[in-house]
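Here the structure is laid out as structure tokens; the discussion comes afterwards.
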Amino acid sequence: MIDIKSKREIDLMRVAGKIVAELFYELEKMIEPGITTLQLDQAAYAFIKKNKAEPAFLGYGGFPATLCTSVNEVLIHGIPAARSLAVGDIVSIDVGAVYEGYYSDAARTYPVGEITAAASELLASTEASFWEGVKFASAGNHLGDISATIGEYLAVRNYRVPQEYTGHGIGRALHEAPAIPNYGTRGSGVRLKAGMVLAIEPMVLSGCEKTKVAADDWAVIPLDGALCAHYENTVLVKEDGHEILTT
């Protein structure tokens, strides 16, 4: 059952989304060689609390931080630590906020100083795949239209997506129906309706698609250790298109 949000619920989710969008603006200014992912996490916690919201991830399933900070070969769910970022790194930041019981969720991957051309292309393609897929987030289209578009865009550029990790619905819970894979078949899946809210999130592997969970029981890493990137927004489906709540 996919929840259709009321006007009141959507208004609250807009606030939650705006908090995350503004947080990214602040974090991007901080990302430079020498900063630690733990410092980014502490800044994010303070920012979310200052805006009268709660971190969506902190304590979720036992996760110990406000941010998921996934560096270089980590695909998702990296735990912030005292590790300093270095020139040439890329860091994916996934974060959500809860405002009066309603969730937002978004992710970005940032360069740390100057990065390689291959890393830059990975970041650009990951974000672009989101923008291609979200074109189909409109009432009357099928969920598979979004998934297939993302997967096809990445495949022709020789990138892969994990089969076992997906986007999701969002609202009164961080993860709601439906699951939103980054691959699929056009015309398949549920037909989208106005008022659905989706967390669409290409998670992109530059090497093999097989992954493992690290010893910390959280970080997801490709078996070949190749670079990964992640881009996500919370998206409201409308009758005549969509509204992105986290930009």
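The values are calculated or read from the model by the stated rules, or taken from the named source; none is laboratory data. Everything numeric in this text was worked out from a predicted model, so none of it was measured. For neighbour counting, all protein chains shown are included, and Cβ atoms are generated from backbone atoms with ideal geometry for every residue, glycine included.
So here's what we get for this one:
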item: Condition met for residue 115 (modelled with pLDDT of 95 or more, more than 13 Å from the chain's Cα centre (by Cα), among the β-branched types (Val, Ile, Thr) and more than 19 Å from residue 206 (Cβ to Cβ)); result: no
item: Subset of the stretch 209-247 [more than 28 Å from residue 158 (Cβ to Cβ), aliphatic (A, V, I, L, M) and buried (at least 17 other Cβ atoms within 10 Å of the Cβ)]; result: 236, 237, 245
item: Qualifying positions in the stretch 79-103 - within 20 Å of residue 15 (Cα to Cα) and either at pLDDT below 95 or within 10 Å of the chain's Cα centre (by Cα) (or both); result: 93, 94, 95, 96
item: Matching option when the condition is touching a helix residue (DSSP H, G or I) at 6+ places or on another chain (Cβ under 9 Å), closer than 30 Å to residue 160 by Cβ and surrounded by 17 or more Cβ atoms within 10 Å (Cβ to Cβ), among 75, 27, 58; result: 27
item: The stretch 126-144, subset surrounded by fewer than 21 Cβ atoms within 10 Å (Cβ to Cβ) and among the polar types (S, T, N, Q), residue farthest from residue 93 (Cα to Cα); result: 141
item: Filter pass, residue 127 being of a type outside the set (S, T, N, Q), farther than 18 Å from residue 179 by Cβ and in contact with an Asp or Glu (Cβ under 9 Å, 6 or more places away or on another chain); result: no
item: Leading residue by the ranking (surrounded by the most Cβ atoms within 10 Å (Cβ to Cβ)) among those in the stretch 41-53 that are of a type in the set (D, E, K, R) and over 18 Å from the mean Cα position of the chain (by Cα); result: 49
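Here's the yes/no breakdown for (1) farther than 19 Å from residue 225 by Cβ; (2) among the basic types (Lys, Arg); (3) touching a Leu at 6+ places or on another chain (Cβ under 6 Å):
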{"position": "75", "(1), (2), (3)": "no, no, no"}
{"position": "84", "(1), (2), (3)": "yes, no, no"}
{"position": "101", "(1), (2), (3)": "yes, no, no"}
{"position": "105", "(1), (2), (3)": "yes, no, no"}
{"position": "112", "(1), (2), (3)": "no, no, yes"}
